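K.L.:
Following this message is one structure expressed as structure tokens.
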Amino acid sequence: MPKVVSIHSYRGGTGKSNFTANLATTVALQGYRVGVVDTDVPSPGIHNLFCLEPEQMDKTLNNYLWGDSPIEDSAYDVGTMIGVTEPGKLYLVPSSVKPDHIARILRDGYDVKLMNDGFRSLVKTLKLDYLFIDTHPGLSKETFLSIAISHILLLILRPDKQDYQGTAVTVDVARQLKVRKMLLAINKAHSKLNLDVLKQKVEETYGETVAGVFPLSEDLIQLASEGVFCVKYPEHPLSQEFRKVAQQIMEG
């Protein structure tokens, strides 16, 4: 049974796309067929992590949403670009970075049901084991759809008051939408914080499992979104933490 995993955060800047790329890659490296869809249509960016250049993106999610082409035509085999070998597969459906395309989506919106149909079609056509959805931050009808159809919702938050309040709202919404499984991940935790105490405090506050705690990392910042961290630095503590979270997704 294929699994849909939404990676979401209430605010931008939490490292959501980095999380999505690293978790999807980690799962694909275990030999699974994995798809990633960048539904952050107003501000797409995950294609950079998978070394997919805009000029290589002949078709995007936008083309599918406008009825120009099937969603499968926008799926790129990025696994071959970053070192995922058989039997594992890694596909990305990027959103367009063309300013006129972004402006059109912001102006006209898109059919949310069509997006849902696209997810189903992608899973079936590419025979996916996992579909990761990189969402747009905040809460909107598009986000509600992603949350509602997810088998697992992974919420990313930083140790920050705005993130704490926003995550509380998102957790409540996810419960109302009866999401099947929710996990939390704390990102960009300052080195002076006691990570175990932080994890315990967050779990008690939200009543949900913290799947991983990620310290603020200069190594990750230095990579500057040019590649997937867990592939470039497989033995790094961050990569080990990504593996820990991926394991909980695969077991869930």
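Read-outs: derived from the displayed coordinates by stated rules, not from any lab. All values derive from a computational prediction rather than experimental measurement. Every residue, glycine as well, gets a Cβ built from its backbone with ideal geometry; the counts of neighbours run over all protein chains shown.
K.L.:
Which one, Leu92, Leu128, Ile147, is farthest towards the positive end of the dipole of the chain when Lys and Arg carry +1 and Asp and Glu -1 on their Cβ?
P.N.:
Ile147
K.L.:
Taking the chain, how much of its Cα-Cα pair set, in percent, is spaced more than 34 angstrom apart?
P.N.:
Everything past 34 Å amounts to 11 percent.
K.L.:
With r defined as the distance between the Cβ atoms of Ser140 and Thr85 and R0 fixed at 30 Å, what FRET efficiency is calculated, to the nearest 0.05?
P.N.:
Efficiency at R0 = 30 Å is approximately 0.20.
K.L.:
Determine the gain in length on full extension of the stretch Leu106-Gln162; use 0.36 nm per residue of separation and subtract their C-alpha separation, reporting nm with one decimal. Walk me through the numbers before you get to the answer.
P.N.:
Working: separation 56, 0.36 × 56 = 20.16 nm, distance 2.53 nm.
Additional length available on full extension: 17.6 nm.
K.L.:
Between Gln30 and Gln200, 0.36 nm times their residue separation minus their Cα-Cα distance comes to what?
P.N.:
Going from the current span to full extension adds 58.2 nm.
K.L.:
Here's a follow-up. Using a 10 angstrom cutoff on alpha carbons, build the Gaussian network for the chain and name the most mobile of Phe132, Phe19, Phe144.
P.N.:
Taking springs between Cα atoms under 10 Å, the residue moving most is Phe144.
K.L.:
Among Ile221, Asn194, Asn48, whose Cα sits farthest toward the positive end of the charge dipole of the chain (+1 at Cβ of Lys/Arg, -1 at Cβ of Asp/Glu, about the Cα centre)?
P.N.:
Most positive-ward Cα: Asn194.
K.L.:
Right, here's the next one. How big is the dipole moment of the range 104-252 about its Cα centre under a simple scheme where the beta carbon of each Lys and Arg is +1, that of each Asp and Glu is -1, and everything else is neutral? Debye, nearest 20, please.
P.N.:
Roughly 400 debye for the range 104-252.
K.L.:
While we're here: Using the charge dipole of the range 3-251 (Lys, Arg: +1 at Cβ; Asp, Glu: -1 at Cβ; taken about the Cα centre), state which of Gly15, Gly79, Asn62 has its Cα farthest towards the positive end.
P.N.:
Of the options given, the answer is Gly15.
K.L.:
Local charge sum around Ala24 (other residues, Cβ-Cβ under 14 Å, Lys/Arg +1, Asp/Glu -1)?
P.N.:
Cβ neighbours under 14 Å give a net charge of +1.
K.L.:
In the range 97-136, what trypsin sites (Lys or Arg not before Pro) fall in a loop by DSSP, with at most 15 other Cβ atoms inside 10 Å?
P.N.:
Working: sites: Arg104, Arg107, Lys113, Arg120, Lys124, Lys127; in loops: Lys127.
When the trypsin sites (Lys or Arg not before Pro) of the range 97-136 are filtered for loop state and at most 15 Cβ neighbours within 10 Å, Lys127 remain.
K.L.:
Can you give the relative contact order of the chain as a percent, counting alpha carbon pairs under 8 Å and 6+ residues apart?
P.N.:
RCO, the chain: 28 percent.
K.L.:
Place a +1 charge on the Cβ of each Lys and Arg in the chain and a -1 charge on the Cβ of each Asp and Glu, then give the dipole magnitude about the Cα centre in debye, rounded to the nearest 20.
P.N.:
720
K.L.:
In the range 88-115, which residues have a backbone nitrogen under 18 Å from the label point lying 7 Å from Asp73's Cα in the Cα-to-Cβ direction?
P.N.:
So the set is 92-98, 101, 111, 114-115.
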